[in-house]
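Please read the structure below before turning to the comments.
The values are calculated or read from the model by the stated rules, or taken from the named source; none is laboratory data. What you see is a predicted model; the values in this text were computed from it and never measured. All Cβ positions, even for glycine, are placed from backbone atoms using ideal geometry, and neighbour counts span all protein chains on display. Just so you know, the surface numbers come from the protein's heavy atoms only, side chains and all, with ligands and any DNA or RNA stripped out. Shrake-Rupley method; radii C 1.70, N 1.55, O 1.52, S 1.80 Å.
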Amino acid sequence: MLTALFADHHVSLVRLALLVVGDRPTAEDVVQDVFAAMHARLDRLRDHDRMLPYARRAVVNRCRTVLRRRKLAGRLHRHYEPPVWSAESAALLGEEHREVLAALRTLPDRQREVLVLRFYLGLDEAQIAEAAGISRGTVKSTSARALAALAGRLEERR
């Protein structure tokens, strides 16, 4: 079952992590760590229908850990800059897409997570709430605030 989950959802989980943490190597490491942890706990994962939501939530949680560590490193080392999108990735994206992604990276972590889960993974409110570990009401309010902030940032760039 875990092999099928990996085959079917690895790319979308890496994409989720990439949009949250901002660089591909870290995103791949996050997803790899999640699958390794799931494999180690396979005997405790009884409900196979819940494995994908579990994996999504684990990816979001590990991304939060990465971002917390980056912020701490930024406070300790003034010259630290988080990884940026690669030149290869930037060349493949259209200018408008790049502007949206750049504006998305300026949002607070939770707002960015909610928008990524909603628009890039296409999850509904209940799935987002489960993946992010927040209530449906928080998903709604966070999404509304995030969209307003994103629209404002995109308007500033024009």
Which of the residues belonging to the range 99-148 are open to solvent by 60 Å² or more (accessible area, probe 1.4 Å), among the charged types (D, E, K, R) and under 14 Å from L18 (Cβ atoms)?
R105
Within the range 1-21, track down each residue that is without any contact (Cβ under 8 Å) to a residue 12 or more places away in the chain and either within 15 Å of D33 (Cα to Cα) or of a type in the set (S, T, Y) (or both).
T3, V11, L18
Name the helices (runs of 4 or more DSSP H) wholly within the range 72-158 that hold at least 3 residues that are outside the structural domain of P25 (by the TED database) and either at pLDDT 90 or above or touching a His at 6+ places or on another chain (Cβ under 8 Å) (or both)?
109-115, 125-132, 136-157
Kindly establish whether V20 is under 10 Å from the mean Cα position of the chain (by Cα) and under 16 Å from N61 (Cβ atoms).
yes
Can you pull out every residue in the range 5-23 that is farther than 20 Å from Q111 by Cα and at pLDDT 90 or above?
F6, A7, D8, H9, H10, V11
Quick check on my filter: what residues within the range 1-45 are of a type in the set (D, E, K, R) and open to solvent by 20 Å² or more (accessible area, probe 1.4 Å)?
D8, R15, R24, E28, D29, D33, R41, D43, R44
If you go through the range 56-64 one residue at a time, do you hit one that is within 24 Å of I134 (Cα to Cα) and in contact with a Lys or Arg (Cβ under 7 Å, 6 or more places away or on another chain)?
no
